[in-house]
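Data block below; observations after.
The values are calculated or read from the model by the stated rules, or taken from the named source; none is laboratory data. Note that the coordinates shown come from a computational prediction; the quantities given were computed from them, not determined experimentally. Here Cβ is always computed from backbone atoms with ideal geometry, including for glycine, and neighbour counts include all displayed protein chains.
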Amino acid sequence: MRKIREILRLKFELSLDNRQIARSCSIPHSSVGNYLMRAESAGLSWPIPADLSDAALEARLFPTVPVNRDVPLPDFVSMHAELLGHKHLTLELLWQEYKRNFPEGYQYSWYCELYRRWASKLDVVLRQEYRAGEKMFVDHAGPTVPVVDPDTGVIQAASIFVAVLGASNYTFCEAFK
């Protein structure tokens, strides 16, 4: 917040332009413009009142986006379960369903942001480390893929075999008919 106070001082006391202020404060000139625009929209004037704390200044310049609306929040628990249970299901498809039920609901980007915020509070994944040559993980990946025989033009289904070494993550893949 001290830097924002300095930006405002340089702008209103010394009448410097945004690029000069940016060089003086070692920040991008676009950030200077952003801070000045926020100060103007917050109704701040120079000098900033002495009794305005850094926390209060931050709250005025960077107000939180209200999440409480008349439209209900999506059911993140069921969304998460559906996403895990259906491999071709996407957030966009869930959002389209949500918009059919709540036409005045959240737009796609905010819908995704709300879900990501909720999902970030789920359990943390444990990183596992393996000694070289100790583990190899093998599986057939996903559904079969169509393979066209170049001589006959016959299409056959092939499954993809995947093997990954635990320590190096070296991956081997091959299609089998």
**Asked** Got a number for residues in the range 5-52 being loosely packed, with under 13 Cβ neighbours inside 10 Å, among the charged types (D, E, K, R) and either touching a Gly at 6+ places or on another chain (Cβ under 9 Å) or within 17 Å of P63 (Cβ to Cβ) (or both)?
**Response** 1
**Message:** Condition check: of a type in the set (D, E, K, R), outside the structural domain of G105 (by TED's automatic domain parsing), more than 27 Å from E113 (Cα to Cα) and not in a loop (DSSP other than H, G, I, E, B). Does R19 satisfy that?
**Reply:** yes
**Asked** In the range 132-148, what count of residues is obtained for those that are touching a residue at least 24 places away in the same chain (Cβ under 8 Å) and loosely packed, with under 10 Cβ neighbours inside 10 Å?
**Response** 2
**Request:** Answer yes if at least one residue in the range 74-91 is at pLDDT below 80 and of a type in the set (V, I, T), and no otherwise.
**Result:** no
**Prompt:** With respect to the numbered conditions (1) polar (S, T, N, Q); (2) at pLDDT 90 or above; (3) assigned to a loop (DSSP other than H, G, I, E, B), which one is the sole condition not fulfilled by S45?
**Reply:** (2)
**Request:** Search the range 12-23 for residues that are closer than 15 Å to N34 by Cα and modelled with pLDDT of 90 or more and pair each with any residue that is exposed (fewer than 11 other Cβ atoms within 10 Å of the Cβ) and of a type outside the set (A, V, I, L, M) when their beta-carbon atoms are under 9 Å apart and the residues are at least 6 apart or on different chains.
**Result:** N18/S30; A22/S30
**Message:** Looking at the range 104-122, can you tell me whether even one residue there is touching a strand residue (DSSP E or B) at 6+ places or on another chain (Cβ under 9 Å) and without any contact (Cβ under 8 Å) to a residue 12 or more places away in the chain?
**Reply:** no
